[in-house]
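Values quoted throughout were computed directly from the atomic coordinates according to the rules given, and no laboratory measurement underlies them. These numbers were taken from a predicted model, which means no experiment stands behind them. Positions of Cβ are generated from backbone atoms using ideal geometry, with glycine treated the same way; all protein chains shown enter the neighbour counts.
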Amino acid sequence: MAEATPFLMFQGGKGQAALDFYVETMPGSRIEKLELFGPEGPGPEGTILRGHAVIAGQKVMIHDSFIRHGFDFTPSWSFFLDVADEAEFDRLFAALSEGGAVLMPPDNYGWSSRFGWCSDRFGISWQVNLA
């Protein structure tokens with residue numbers, strides 16, 4: 001049986017910083033395995049060839065592309081976080097949007113008492129919902 005895993009391709013060697021931020025910020029997150037480019041390349045030494053992590057309970061793969069692409073992350077793909085209390089909502093939304101962009105500020109939009117959408121400083125989009 002095939003297994004689908006979200007794959008996050010970072011550019012400019014930002015993968016490790018992003019992973020460290022998610023593990024530090026997000027409960028239920030951890031790095032499970034990292035394979036780094038060595039001195040023989042083809043990517044810059046120490047950047048992520050293939051990474052396996054769990055972010056807020058979701059398995060993901062990570063890669064630092066050494067090929068420069070004309071595209072990057074888009075808000076049309078996002079992580080959706082259900083958060084149990086308002087203090088945790090505020091903490092996560094503030095941390096995730098710092099250095100990024102607020103796409104929908106926290107508010108009651110009718111489907112939730114509190115919802116916000118942002119992209120983080122690495123370009124990953126997050127929908128934060130007070131469950």
What order, most packed first, do the peptides 69-81, 97-109 have when packing is the mean number of other Cβ atoms within 10 Å of each residue? 97-109, 69-81
What is the angle, in °, between the Cα long axis of helix 86-97 and the longest principal axis of the Cα atoms in the chain? Nearest 10 is fine, range 0 to 90. 40 degrees
In whole Hz and in residue order, list the ³J(HN,Hα) couplings for segment 98-115 that follow from phi through the Karplus curve 6.51 cos²θ - 1.76 cosθ + 1.60, θ = phi - 60°; x for Gly and Pro. 4, x, x, 8, 8, 8, 9, x, x, 5, 8, 9, x, 9, 7, 5, 7, 8
Packing-ranked peptide list from 39-48, 113-122, highest mean Cβ count within 10 angstrom first, is 113-122, 39-48
For H69 and A131 in the same chain, what is the full-extension length gain: residue separation times 0.36 nm, less their Cα-Cα distance, in nm? 18.6 nm
